Amino acid sequence: MTNPRALRQKLVAAPYLVWAAVFIVVPLAMVAYYAFTDPAGNFTLSNFHEIAGFSHTFILSIWLGLLSTIICLLISYPLAYLITRCSPKTQRLLMVLVMLPMWINLLLRTYALMKLLEDTGFINELLSLLHLPPVHLINTEGAVVAGMVYNFIPYMILPIYNVMTRIETPVLEASRDLGCNGFQTFRRVVFPLSIPGIVSGVTMVFVPSVSTFYISSKLGGSITLVGDIIEYTFNSEANYNTGATMSLILMGMILLCMLVMNQFTGGDEEAILV
């Protein structure tokens, strides 16, 4: 006899399963199909040999994505910690300010950053008023990293903040009662308990940073990342096989990084006692 509760749970999960099958499984299967076939539909591994010349692009994409992720973490972690030390009313206000840029389209945010970094933009105009020499900022790797940080830093702040708000005050008080000073409490209690938020934030920033293409094309000039090549092969060349192969390799690299990061989320309770 069928369990009514189990049947209801299956019915509730059915829309998600259909959604996952149509918009996740099927596209991934199509990417894998094009990656291992030629334009005639024959099985081949030549696509993987063709993209061997783009190894520098892969390395550059990973490096810039990693650099922007580290910068986001260095800014977001102390900021999230300071926000949790504020009153509830102030916390709500500060979180609204953090999320406010996310309400604006990414294209508009990137164009706004372009106007700041251009040779005749606001930053160089300010330097001119201060009688300082102009600085070439646009069309550089630094501009691309700045664009990634500017667009993706809320995705680092939010998970770290959410995890830190769940650290109960009695836990911190118990640490101080046991003789820990402020730094020891942070090292042995706050930081280990906030690792899941760090891992989530790093994942949420690193993945779009590595695969981005619009930010690099607008702020980087001649700097080409993996996302730019994938976008070009699909839209300009209609070369679905090469584009799918690069997409498959990029997905594999991202999944590998996520698996490595997830190894740091285990044993948090034990870490507190170290």
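Quick notes on this one:
- Looking at VAL171, VAL207, VAL189, just one residue is closer than 30 Å to MET148 by Cα, among the β-branched types (Val, Ile, Thr) and part of a helix (DSSP H, G or I), and that residue is VAL207.
- Taken over region 22-75, the residue count meeting the criterion of being over 27 Å from the mean Cα position of the chain (by Cα) and of a type in the set (S, T, N, Q) is 5.
- Take the conditions (1) modelled with pLDDT of 90 or more; (2) closer than 15 Å to ILE59 by Cβ; CYS257 misses just one of them, which is (1).
- Taking region 54-93 as the range and being surrounded by 18 or more Cβ atoms within 10 Å (Cβ to Cβ), more than 30 Å from ILE230 (Cα to Cα) and not hydroxyl-bearing (Ser, Thr, Tyr) as the test, the residues that pass are ALA80, ILE83.
- Scanning region 229-239 for residues that are surrounded by fewer than 19 Cβ atoms within 10 Å (Cβ to Cβ) and assigned to a helix (DSSP H, G or I) returns GLU231, TYR232, PHE234, ASN235.
- Residue check for ALA244: outside any helix (DSSP H, G or I), of a type in the set (Gly, Ala, Ser) and within 27 Å of THR37 (Cβ to Cβ): no
- All positions within region 236-263 that are more than 30 Å from ILE198 (Cα to Cα) and either free of Cβ contacts under 8 Å to residues at least 60 places away in the same chain or touching a Phe, Trp or Tyr at 6+ places or on another chain (Cβ under 7 Å) (or both): SER236, GLU237, ALA238, ASN239, TYR240, ASN241, GLY243, ALA244, THR245
The values are calculated or read from the model by the stated rules, or taken from the named source; none is laboratory data. Just so we're clear, the structure is a prediction, and the values are computed from it rather than from any experiment. Using ideal geometry, Cβ is built from the backbone for each residue, glycine included, and neighbour counts are taken over all protein chains shown.
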